[in-house]
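Below is one structure; the comments refer to it alone.
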Amino acid sequence: MVEVPLVYSDDYYGDLQGHIFPIEKYKLIYEALEAEGCLGPVLKPEPATREQLELVHTPEYLDDVYAARLTHRTLPSEMAISPDIVRGFITAAGGSVVAARAAIDRGGPAMNDGGGLHHAFPDHAEGFCYINDVAVAVSVAQEEGLARRFAVIDCDLHQGNGTAFIFADDPDVFTFSIHQENLYPVKQKSDLDIGLPDWAGDDVYLERLRSAVPDILDRHESEAVVYVAGSDPYEGDQLGNLRLTFDGLIERDRIVLGECRDRGLPVVILLAGGYAYDTRDTVRVHVNTYKVAAGIS
Ligand SMILES: [Zn+2]
């Protein structure tokens, strides 16, 4: 069993006014892990600082975000904006920074019970994402001299378009995305994209993932990994059609986390999306990811 720090704050919650994004999942995951007696050390994040956010985002965009203003830069988020929503996103970005430091410090996995908001671009929001905490965590860790060469393994249902764009010209950060091809977003070019057909299912998905991950980690000589562990490839998801089972998603986690463990790599686990018809299923997928990281599933 591996002790896996979980970064969590009640401040991750913001009232999304009935939006499809189940923001209550953050608290439910925390409570489920606690109830099942498998919760490791809990780290409480502070909101990311403006200086940290400016490593990724433009000042003009951040002015709009901090003011919780609807403008042409914030509107593409497709969700409401308010001071408590903004606080939630900025605190979640702080959480990804804390998880990155913890993972690198320990040389193993650490999970942010939030974040993975990979659609945000430097100068605008997109797809339920205001702050690209994936890129903020990587950039802060680089700035602090903790690690330079990162691989982003993005297994959310949707392509990590914002992250791919942000690191397009950075040879130190390898971006990989495996996603449903015929779906939002308009694709950017990751260093490696695997766009899967609708109804791919466990076998096709896992075969492609299994053949890609070891090669990425070896060829890129990554020092640390960010695992964007979206739960929306799940077969009961409202937004997608990759149709992975619970067991298939556990195997996905084992592939990614096992390849990291075998190489002694720090891995920062971020939650990203998940829109199951029953939010308890979304929670279960994320809880299973934590358990795989901890070696108890
Ligand atoms: Zn997604």
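The values are calculated or read from the model by the stated rules, or taken from the named source; none is laboratory data. Nothing here was measured: the structure is a model prediction, and the numbers come from that model. Please note: Cβ atoms are built from the backbone with ideal geometry, for glycine as well, and neighbour counts cover all protein chains shown.
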(message) Suppose we keep only residues that are touching a strand residue (DSSP E or B) at 6+ places or on another chain (Cβ under 6 Å) and under 20 Å from ASP10 (Cβ atoms) within region 46-104. Which one would you say is surrounded by the most Cβ atoms within 10 Å (Cβ to Cβ)?
(response) SER96
(request) Kindly establish whether ALA229 is among the small types (Gly, Ala, Ser) and crowded, with 24+ Cβ neighbours inside 10 Å. (result) yes
(request) Check HIS158, HIS179, HIS220 and return the single one that is modelled with pLDDT under 95 and of a type outside the set (Phe, Trp, Tyr). (result) HIS220
(request) State yes or no: is VAL285 of a type in the set (A, V, I, L, M), farther than 24 Å from ARG149 by Cα, more than 15 Å from the ligand (Cβ to nearest atom) and surrounded by 23 or more Cβ atoms within 10 Å (Cβ to Cβ)? (result) no
(request) Would you point out the residue of region 113-154, among those that are near the ligand (Cβ under 10 Å from one of its atoms) and either assigned to a helix (DSSP H, G or I) or surrounded by 24 or more Cβ atoms within 10 Å (Cβ to Cβ) (or both), that is modelled with the lowest pLDDT? (result) CYS129
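Every residue, every condition in (1) surrounded by fewer than 18 Cβ atoms within 10 Å (Cβ to Cβ); (2) under 28 Å from THR279 (Cβ atoms); (3) under 19 Å from the mean Cα position of the chain (by Cα); (4) away from the ligand (no atom under 16 Å from the Cβ), yes or no:
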| residue | (1), (2), (3), (4) |
| --- | --- |
| THR175 | no, no, yes, no |
| ASN182 | yes, yes, no, no |
| GLN188 | no, no, yes, no |
| ASP198 | yes, yes, no, no |
| ASP202 | no, yes, no, yes |
| TYR205 | no, yes, yes, no |
| ASP215 | yes, no, no, yes |
| ASP218 | yes, no, no, yes |
(request) Please work out if ILE296 is among the β-branched types (Val, Ile, Thr), within 19 Å of LYS27 (Cα to Cα) and either touching a Phe, Trp or Tyr at 6+ places or on another chain (Cβ under 9 Å) or more than 14 Å from the ligand (Cβ to nearest atom) (or both). (result) no
(message) So if I check each of GLU54, GLU34, GLU46, which one is farther than 30 Å from ASP170 by Cβ, modelled with pLDDT of 95 or more and acidic (Asp, Glu)?
(response) GLU34
(message) Restricting to region 19-78, name every residue that is among the basic types (Lys, Arg), over 28 Å from TYR184 (Cα atoms) and assigned to a loop (DSSP other than H, G, I, E, B).
(response) LYS44
(request) Taking only region 155-164 into account, find how many residues are near the ligand (Cβ under 10 Å from one of its atoms) and without any contact (Cβ under 8 Å) to a residue 60 or more places away in the chain. (result) 1
(request) Could you identify the single residue in ALA147, ALA141, ALA164, ALA151 that is within 22 Å of SER77 (Cβ to Cβ) and not aromatic (Phe, Trp, Tyr)? (result) ALA164
(message) When you check ASP232 against the structure, is it closer than 19 Å to GLN159 by Cβ and either touching a strand residue (DSSP E or B) at 6+ places or on another chain (Cβ under 6 Å) or within 14 Å of the ligand (Cβ to nearest atom) (or both), yes or no?
(response) yes
(message) Out of GLY94, GLY145, GLY115, GLY108, I need the residue that is in contact with a Gly (Cβ under 7 Å, 6 or more places away or on another chain) and not hydrophobic (A, V, I, L, M, F, W, C). Which one?
(response) GLY115
(message) Let me spell it out: the conditions are (1) surrounded by fewer than 19 Cβ atoms within 10 Å (Cβ to Cβ); (2) touching a residue at least 24 places away in the same chain (Cβ under 8 Å); (3) more than 15 Å from the ligand (Cβ to nearest atom); (4) not hydrophobic (A, V, I, L, M, F, W, C), and ASP253 meets all of them except one. Which number is the exception?
(response) (1)
